[in-house]
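Single-structure report; data block below.
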Amino acid sequence: MEAKDQAAGERRVREVLIDPLLRRGLMKPKGMPVKQFEDMLADIGARLAYMSDTGLAALEEHCAAQPGGA
């Protein structure tokens, strides 16, 4: 994936998956430093940058339905 496509994909992951989950109440686990949590979210963005809006929205819905991480 080219750098500009990767960057656009990471923004899409943030907008369609991560930000909605944070609005729904996704929280940093106790004991995890803020920097580590932010790095984890950035890593998720980088790894899922290839996904479409539709796929990310479906993943967001699935995650929202599993609040305990089950």
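The values are calculated or read from the model by the stated rules, or taken from the named source; none is laboratory data. As the structure is a computational prediction, the values presented were derived from the model and not from experiment. Reconstructed Cβ throughout: ideal geometry from the backbone, glycine too, with neighbour counts over all protein chains shown. Side chains are part of the model used for accessible areas, which takes the heavy atoms of the whole protein and leaves out ligands, DNA and RNA. Shrake-Rupley method; radii C 1.70, N 1.55, O 1.52, S 1.80 Å.
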Query raised in the report: Could you give the angle, 0 to 90 degrees to the nearest 10, between helix 53-65's Cα long axis and the longest principal axis of the Cα atoms of the chain?
Result: 10
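Take every Cα-Cα pair in the stretch 4-70 and report what % of them are more than 14 Å apart.
Details: 1306 of 2211 pairs.
The proportion of pairs with Cα distances above 14 Å equals 59 percent.
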Query raised in the report: About its Cα centre, how strong a charge dipole does the chain have in debye, to the nearest 20, once Lys and Arg get +1 and Asp and Glu get -1 at the Cβ?
Result: 300
Report task. Using the heavy atoms of the protein chains and a 1.4 angstrom probe, tell me the accessible area per residue for the chain in square angstrom. Result -> 71
